[in-house]
Amino acid sequence: MDYKTGIMGEHDSIEAFRALGLTVCETSDADRAIETLKRWADESYAVIFVTEELAGRMGSHLDDWRLRYLPVITIIPSARRQVGLGRQELRTAVRKATGIDMIGQHRPISEDETVASGESR
């Protein structure tokens, strides 16, 4: 069976993926995105990328899809603004797998901390 890959989200975040051969669904509407997910799942899509901005609008509707074996739903950064969903999901997954919050909260490392750790610039 040949599997397909698709991407959905805002135009400026996804248009370049068309050149890579991905099926593109340009939308910022959560209801349209959910209908597209249902259709793509029936059409043998193995991987579906969703922009953070659209995933935020889809809310809990995306949760059921994330638990399925196929298609794999992956949240990617939006071009317009970062809402942190992808980072938070990675943080949660790592914490569940290891029992340790290895990613933690994002904060800049000061120059003093860099020097103290022995790293050079």
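The values are calculated or read from the model by the stated rules, or taken from the named source; none is laboratory data. Fair warning: this is a prediction, and the values are worked out from it, not measured in the lab. Glycine gets a Cβ as well: all are built from the backbone with ideal geometry, and neighbour counts include every protein chain shown.
Miscellaneous remarks
- Within segment 17-66, helices (runs of 4 or more DSSP H) holding 1 or more residues that are under 22 Å from Tyr3 (Cα atoms): 30-42, 61-66
- Summed over segment 1-16, the residues that are in contact (Cβ under 8 Å) with a residue 12 or more places away in the chain and either outside any strand (DSSP E or B) or small (Gly, Ala, Ser) (or both) give a count of 10.
- Scanning segment 4-42 for residues that are farther than 18 Å from Ser78 by Cβ and small (Gly, Ala, Ser) yields a total of 3.
- Test result for Glu35, at pLDDT 90 or above and either charged (D, E, K, R) or loosely packed, with under 11 Cβ neighbours inside 10 Å (or both): yes
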